[in-house]
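Undergrad: One structure is given below, represented as structure tokens, and several questions about it will come after.
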Amino acid sequence: MTLAGKRVLLIISGGIAAYKALELIRLLRAAGCAVTPVLTRAGAEFITPLAVQTLAENAVFQDLFSLTDEAEIGHIQLSRAADLVVVAPATAHILARMAAGLADDLATTLLLATDKKALVAPAMNVRMWQHPATVANLASLRARGVFVVGPEVGEMACHEFGPGRLAEPAAILAAIAALLAPEGPLTGPLTGRHAIVTSGPTQEPIDPVRYIANRSSGRQGHAIAAALAALGARVTLVSGPVTLPDPPGITVRHVETAAEMREATLAALPADIAVFAAAVADWRVAQAGGEKIKKTASGAPPILELVANPDILAEIAAPGPRRPRLVIGFAAETEHLTENASAKRQRKGCDWIVANDVSPATGIMGGAENAVLLITGDGAEAWPRMGKEEVAGKLAERIAAHFARVASPPPSGEAAEREK
Ligand code: CTP
């Protein structure tokens with residue numbers, strides 16, 4: 001990904017996740033983006049100005065009333081010189097100050113004075129995140145056009161579990177890239193290509209209040225959608241029910257059931273690339289009741305008859321005029337990973353399969369990391385365990401390299417000649 005020539009004003013506020021801002025700066029610099037860092041007083045309690053300045057290769061600004069800072073650039077100019085203002089991590093406190101329009105330090109003054117888009121990456125304790133005050137502040141910021149990436153669900157530094165963890169730096173980078181795209185999608189090796197990505201679980205109703213679902217978080221699929229967009233693709237994300245925010249710059253179709261996912265995916269065709277990361281329920285209840293199922297006097301539990309759901313991947317991977325040029329499936333397995341996934345690739349007719357071991361001990365299903373085996377026509381390749389955003393970035397790069405290799409595609413559908 002390149003962000004060459006772009007400038008980000010990065011405000012680092014005071015939370016334990018501030019250390020991750022250093023990695024974000026490193027990623028931005030590696031992408032060629034200039035970073036002007038602003039460290040709040042609380043932020044400087046967690047990371048040092050020297051570390052920030054060294055990685056950013058740029059002076060760090062801290063004080064609204066600093067004669068040197070003000071003489072050097074001036075806060076109004078500082079707020080406007082960037083292409084995008086990013087707050088990462090954004091604490092509950094800075095979000096509250098933004099929502100209230102306060103300007104009581106350099107960071108909030110810049111946020112009030114800027115004429116550029118702003119992206120916030122919240123990070124805080126789960127109770128603070130769920131507090132009605134924070135919820136209201138976020139809603140008012142969103143209504144004003146502030147973009148939000150994360151937070152993610154996971155274990156926090158305070159050992160509580162839930163939403164509130166800072167989005168991974170790679171995910172923040174992808175959100176920045178999408179927002180800095182000249183008009184909608186970013187220009188990159190996948191510019192001009194349309195990608196469909198399915199993500200998350202599906203929910204199959206039993207009755208109006210109960211459903212069958214699975215543990216998929218959607219994190220891997222959403223990250224793939226963002227990574228493809230960051231490489232310039234136009235992306236349609238078909239998402240089952242997840243707690244993740246919609247990735248910026250991407251068309252998102254929200255669905256609940258497998259049947260709805262199939263419909264939305266077919267409606268999004270034609271596409272050059274289709275990635276099926278969703279954990280689609282294989283079965284649904286044959287006759288989902290219109291009324292809540294009540295307990296009977298005898299106490300006998302209801303017997304649910306299940307019927308098979310349509311296999312969306314197999315249907316779209318079947319040869320035909322609307323088959324995307326590159327169809328990638330996922331294989332969630334708990335045993336015989338290579339054999340089962342290779343067989344699944346053949347059976348479903350997809351070009352590549354991303355296989356992963358979802359045994360509970362791996363912590364992959366619903367977790368932050370993934371260890372995948374990429375199976376293509378050339379064989380199987382094991383990737384080391386890494387963050388789901390990194391897997392997404394690596395997969396997107398592989399997809400771009402594939403299209404660079406096969407050069408100009410034949411009209412969709414002439415894919416009888418399978419992609420390698
Ligand atoms: N898939 C799909 N539609 C379905 C079921 C699965 O599109 N109804 C896709 C998934 O998105 C994934 C791939 O098929 O890309 C494999 O899903 P998986 O659950 O691993 O395979 P199953 O077909 O369910 O096979 P099994 O349960 O026997 O492992």
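The values are calculated or read from the model by the stated rules, or taken from the named source; none is laboratory data. What you see is a predicted model; the values in this text were computed from it and never measured. A quick note on method: Cβ atoms are made from the backbone with ideal geometry, for glycine too, and the neighbour counts reach across all protein chains shown. Heads up: the accessible areas ignore ligands, DNA and RNA and are worked out on the full protein's heavy atoms, side chains in. Shrake-Rupley method; radii C 1.70, N 1.55, O 1.52, S 1.80 Å.
Undergrad: More than 15 Å from the ligand (Cβ to nearest atom) and part of a strand (DSSP E or B): does that describe Val252?
TA: Spelling it out, Val252 is indeed more than 15 Å from the ligand (Cβ to nearest atom) and part of a strand (DSSP E or B).
Undergrad: Right, here's the next one. Sort out for me the strands (runs of 3 or more DSSP E) sitting completely within the stretch 140-199 that have 1 or more residues that are aromatic (Phe, Trp, Tyr).
TA: 161-165
Undergrad: I've got another one for you. Among the listed residues Leu95, Leu84, Leu119, Leu112, which satisfies the condition of being over 22 Å from the mean Cα position of the chain (by Cα) and aliphatic (A, V, I, L, M)?
TA: Going through Leu95, Leu84, Leu119, Leu112 in turn, just one is over 22 Å from the mean Cα position of the chain (by Cα) and aliphatic (A, V, I, L, M): Leu112.
Undergrad: So, one more: Scan the stretch 348-358 and tell me whether some residue there is exposed (fewer than 15 other Cβ atoms within 10 Å of the Cβ) and away from the ligand (no atom under 11 Å from the Cβ).
TA: Within the stretch 348-358 (the criterion being exposed (fewer than 15 other Cβ atoms within 10 Å of the Cβ) and away from the ligand (no atom under 11 Å from the Cβ)), the answer is no, since none of the residues qualifies.
Undergrad: Something else about it: Cβ-Cβ below 6 Å, separation at least six or inter-chain, first residue in the stretch 307-319 and closer than 17 Å to Val238 by Cα, second within 6 Å of the ligand (Cβ to nearest atom) and open to solvent by less than 30 Å² (accessible area, probe 1.4 Å): which pairs?
TA: Asn309/Ala258; Leu313/Phe276; Leu313/Gly329
Undergrad: Also, I was wondering about something else. If I go through the stretch 307-341 residue by residue, how many of them are acidic (Asp, Glu) and near the ligand (Cβ under 9 Å from one of its atoms)?
TA: Within the stretch 307-341, residues that are acidic (Asp, Glu) and near the ligand (Cβ under 9 Å from one of its atoms) number 3.
Undergrad: A further question on this structure: Taking the stretch 214-244, which residues are in a loop (DSSP other than H, G, I, E, B) and more than 8 Å from the chain's Cα centre (by Cα)?
TA: Asn214, Arg215, Ser216, Ser217, Gly218, Leu231, Gly232, Ala233, Gly240, Pro241, Val242, Thr243
Undergrad: Just wondering, is there one or more residues in the stretch 276-283 that are within 13 Å of the ligand (Cβ to nearest atom), within 23 Å of the chain's Cα centre (by Cα) and part of a strand (DSSP E or B)?
TA: Within the stretch 276-283, one or more residues are within 13 Å of the ligand (Cβ to nearest atom), within 23 Å of the chain's Cα centre (by Cα) and part of a strand (DSSP E or B).
Undergrad: Related question: Within the stretch 1-39, can you find the residues that are surrounded by fewer than 24 Cβ atoms within 10 Å (Cβ to Cβ) and polar (S, T, N, Q)?
TA: Thr2, Thr36
Undergrad: Oh, and also: Which residues, taken from the stretch 302-335, are open to solvent by 50 Å² or more (accessible area, probe 1.4 Å) and hydrophobic (A, V, I, L, M, F, W, C)?
TA: Ile303, Leu304, Leu306, Ala308, Ala332
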